[in-house]
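Here's the structure, in structure tokens; my notes come after.
Bear in mind these aren't lab numbers, they're just calculated from the coordinates by the rules spelled out. Since the model is a prediction, treat every value here as computed from it, not as a measurement. Using ideal geometry, Cβ is built from the backbone for each residue, glycine included, and neighbour counts are taken over all protein chains shown.
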Amino acid sequence: MLTSSLHDYSHPVFPTAPSWRVFSVLVSLAAVTLSAVTFAAYRANIGLGALILAIAILCIVAVVHARFLSFAREQNRQSNQLLLSKEHEFQSLFENALDAILVFDDKGVCQDANPSSWELLSSRPDKIVGQPVRRFYSDAHDFDLMWNRLHASRRHQGEAELVRADGATVFAEFTAAAHFLPHRHLVILRDITQRRRAQQAVNHSLVLTRSSWQEADALRRATLALTEDLRMDRVLATLLETLARFVPYQQAQLHLFETCSRLFLAREARRDTKSMQGLGFPETLELSEFPILERVLSLQDGLLVKDTFQEEDWRPFGKQSPARSWMGVPIISSNQVLGVLSLAHSSPAWFSPEHLRLIRSLATPAAVAIQNARLYERAEIYGAELERRIVELHRVEETLRESEQARRASEECFQKVFRSAPVAMSVTSLADDRFIEVNETFEQRFGFTRKELIGHTSTELCFWEDPRERIRLVERLGLGESIRGAVARLRLKSGTYWPIGYSAELIDLDGKPCLLVATEDLPKTTDQREPIFD
């Protein structure tokens, strides 16, 4: 149809054809005129010469006209061949064009369609040609708008949503031209369905990305809000307040484990008090009595109940509970389940999986915040206990300091009394009988110097004539007896054993048990008495 239309309107493109046609008419008129003049001359008896001249001229005209007709026929043949070649070119372009091409008349009825349009519209040619083009538009108003703009500007470009024969929707980019031939209009369509869908996918991804970014930002703000204050009461209040920005609940509750099988209500928030009258939860819950909570803790991924009236495991938390839609997620920190966060609403199917995903996302920072709050509380308790113990330690240190000062004063006093006493005194270790200290009177009485005694045992010096006497002395002191006025023979530096009276006591010197012995000379009357240790 397109090529036949081009053929009908293509003859004016050859400017030589009208010129030869006029020339042929003029030659024919000249021949006719010459024939008439010759006939008239013959009737008028002008003469044989004139007649012959006229006939010769007429022959010349006939030859020229024959030559002209031959030349005109050749020109016409060449023109037809050129037109046929152009027709083949246009036909090849029309049929092999990758874009769909539709030709329609002034009424919008399709007059011709190329094979690409058959593929685009998924239809046979007979289902396209002869049909109004507007029927292929998913919205006829879009075609009317394109039609008006095309007539107004003679050219128009845009995009259209088309409906294929199989009912599928395709998107096309078009360029339309009005009156490219008299009463004929052209529209070229290019399939951009994949590009449009890719763009839609990109737009959808951008929307999801923007939504995810907003959600991440909201969760970040929520996490910061939860970690601003480490006090447990403030953390729980912030958690439920933040939760209301994500999920439109009527009641939110946070139960924490009191024991491995019992939960207690740590925090509760109600958004609509009137409609939730009677939705009271007991302060403590036995986990075994509420299968729905056991399912939440066993799944460890959250549970959504769209209608509690249709849930077999549902048991109202409290008396006359009107909760119809409910969801709960476990609060888990470091693989340790801390409790359950639950939301309730009086309308069935109020919560969606998206709400469950949001509350699940918020449960992670909530668990961290609760764990931190617990650690903070423990730290406060430990801090208070540590402060109390530090105060006690300071008090004990002060007491020890005072005791040390008193001990030092007592020791100084003892040293003064010990060294200046007129009685010979010695201090020996109870464990190994080594001399630790002696006074000047002891040095003068027995003849030993302090340097000779310190660090040596009485056994090494053979200080006791009978070493068993010291053993019995220690045993008696160990039994709590007092040793006063006892007599023993002790060795002088000269090697002589001399009877000496002595008294003994157990003392503690720098944390070490020691034996303090004070000796004195016996009266002459007692010089020959036997020692008391027989």
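Worth a mention:
- Potential extension, L393-R220 segment - 0.36 nm per residue separation minus Cα distance: 57.8 nm
- Stretchable slack from E385 to V474, in nm (0.36 nm times residue separation minus alpha-carbon distance): 27.4 nm
- Amide H contacts of H456: F435, each under 5 Å away and 5 or more positions distant or on a separate chain (H built 1.01 Å from N in the peptide plane; Pro and chain starts excluded).
- Among the trypsin sites (Lys or Arg not before Pro) found in the range 53-126, those both in a DSSP coil and sparsely packed, with 13 or fewer other Cβ atoms within 10 Å of their Cβ, are K107.
- The range 289-363: C-alpha gyration tensor shape, a/c 1.5 cut-off, then a/b vs b/c: oblate
- In this simple spin-label approximation, E159 and L84 carry label points 7 Å from Cα along the Cα→Cβ vector, and these lie 4.7 nm apart.
- Inter-part distance, the range 465-514 to the range 121-174, computed on C-alpha centroids, equals 131 Å.
- Taking a ≥ b ≥ c as the square roots of the eigenvalues of the Cα gyration tensor, an a/c ratio of 1.5 or more together with a/b larger than b/c marks the range 323-448 as prolate.
- Among 165-172, 120-127, the peptide with the highest mean count of other Cβ atoms within 10 Å heads the list, and the full ranking is 120-127, 165-172.
- By other beta-carbon atoms within 10 Å, ranking S117, S420 with the fewest at the front produces S420, S117.
- 17 Å tail of the calculated P(r), the range 97-191, as % of Cα pairs: 43
- Ordering of 503-516, 177-190 by packing [mean C-beta count within 10 Å, highest first]: 177-190, 503-516
- The overall shape of the range 390-442, judged from the alpha-carbon gyration tensor, is oblate: a/c is not under 1.5, and a/b is no greater than b/c.
- Label zone at N148, where the point sits 7 Å out along the Cα-to-Cβ direction: the range 86-119 residues whose backbone N lies under 17 Å: 108
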